[in-house]
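Worksheet: one structure, shown below.
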Ligand code: GDP
Ligand code: MG
């Protein structure tokens, strides 16, 4: 049987400055499902939301005339730069595209600029959501309407304010080297970044942003989205979680091929490669079935792109951010080698003496270690997961007290680690916790320089 290649659903990440509306935009997209039983309804995946193409066209964005061969859009439910940069697939970003949310009334803020720089580095296509248009003084809300329809309903003064604000964004983008335009004036997606005025609260402009994403996928990535739907599954682990009645499970974004119950799979653990077999594949139950006892629905197989929970034996120690590969037709050694190589690519340079670092995913660990390297701060051990008692004790025995520190990026400190730290024998050890790398490094450097004196 010939291997048929199909175009898979592109994976989309939402980025932008805090409070500009990332979470609200995702919530609104999730909530716009008309009736959950209807064909082509928006569905909840594990860690992601699927908007099928029918739902997009039904909403009627301004570009609905484009010939559509992309099956829909899969939105990663965790917004933010951190999610974007730490979720990897084959050495690049897991997300194929991004939405950069900017509050149209506030304009660009530091994290907006950081998001744009990241996207440029990864060469990831994106669209700007000029959000909170409903806050433009005098705006008359037209729930869920495409932008041009609602724009036509505004008076001239309001239209003028909006235009001015859009042009301020165009100017800022131009300073950063991006050509951009309001989306309805863009004819070539390769030349211009689309700016779509939206409201995450009223749903205005939402149909357009979805259509622009579909347009971007068609324009840029029909080649890279070609997958063989019957090929062996490849995915990225979002989270490793213990679930009642299921044991350890992996929340996975599958981005290639398919995964079946019984498939032999290979994933990366903290210090070894793990081989195991898929026991069950679980999807969240639709909202309407919430009264059913079981939270998850079992499926026999799943095809990319999808968010799925994988239950299997031996998942203890799997690291978030790890690649997962299915083994088919006896290419086991090759697959193990692939996973090993992918993880090694992200490996951190370690020294005999240095700080201990922790992060929530391998990608995050890499990002942190790169920055530390840039500041000539040596790392002795780098692992995924919360800070443990053992970490504290180890940090306590490091010969150079300037390195008796643990840097924890986006990951908690376990209670027994806190207890260990309270011990007078460990009084020279410090833990630096937080979600911003630069801040963590500044804090550590300040502590170290004080100690030096
Ligand atoms: P995030 O930090 O980027 O995820 O931002 P949130 O989605 O949490 O939004 C921050 C605040 O802005 C919340 O109070 C939202 O209700 C509000 N907000 C977000 N989008 C809009 C919008 O389009 N219009 C209005 N009026 N408020 C919004
Ligand atoms: Mg948020």
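Bear in mind these aren't lab numbers, they're just calculated from the coordinates by the rules spelled out. Remember, it's a predicted structure, so these values are computed and weren't measured experimentally. Here Cβ is always computed from backbone atoms with ideal geometry, including for glycine, and neighbour counts include all displayed protein chains.
Computed values, structure above
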read-out	value
Gain in span if fully extended, residue 341 to residue 223, counting 0.36 nm per residue against the direct Cα distance	40.0 nm
Mean ellipticity per residue at 222 nm, deg cm²/dmol - from DSSP H runs of n ≥ 4 across the chain, formula -39500 (n - 2.57)	-9000 deg cm²/dmol
FRET efficiency, 1/(1 + (r/R0)^6) with R0 25 Å, evaluated for residue 271 and residue 333 via beta carbons	0.80
All-pairs Cα distance distribution in the chain, expressed in whole percent, bin size 10 Å	4, 19, 27, 24, 17, 7, 1, 0
Average projected area [Cα convex hull, the range 297-354], square nanometres	6.5
Globularity index of the range 127-217, i.e. its alpha-carbon radius of gyration over 2.2 N^0.38 Å	1.03
For the range 165-242, average projected area of the Cα convex hull in nm²	9.0
Pairwise FRET efficiency - residue 285 versus residue 159, Cβ, R0 = 60 Å, nearest 0.05	0.85
Solvent-free Debye scattering, log10 I(q)/I(0), computed from the Cα coordinates of the range 250-355 at q = 0.12, 0.16, 0.20 Å⁻¹	-0.47, -0.75, -1.05
Calculated FRET efficiency for the pair residue 418/residue 148, C-beta based, R₀ 56 Å, to 0.05	0.50
Extended-chain gain in nm, criterion 0.36 nm per residue less alpha-carbon gap, residue 242 and residue 90	52.1 nm
Long-range Cα-Cα pairs in the range 136-291 (distance over 27 Å), rounded percent	52
Taking all pairs of distinct alpha-carbon atoms in the range 336-388, Kirkwood radius in angstrom	11.4
For the range 201-249, diffusion coefficient by Stokes-Einstein and Kirkwood Rh (Cα), 37 °C, 0.692 mPa s, µm²/s	220
Kirkwood-type radius of the range 60-123, with distances r between different C-alpha atoms, in Å	13.9
Residues of the range 324-365 with amide N under 20 Å of the 7 Å Cα→Cβ point at residue 121	342-350, 357-365
Calculated P(r) of the range 272-417 - Cα pairs past 18 Å, %	67
The range 120-177 - convex hull of alpha carbons, volume per residue in Å³	98
Percent breakdown of C-alpha pair distances by 10 Å bin, ordered from the shortest bin, for the range 50-168	11, 34, 35, 19, 2
Relative pair counts by distance (%), Cα atoms of the range 375-453, 5 Å bins	3, 15, 28, 28, 20, 6, 1
Sequence-separation-based contact order of the chain, relative, with Cα cut under 8 Å and 6+ spacing, percent	14
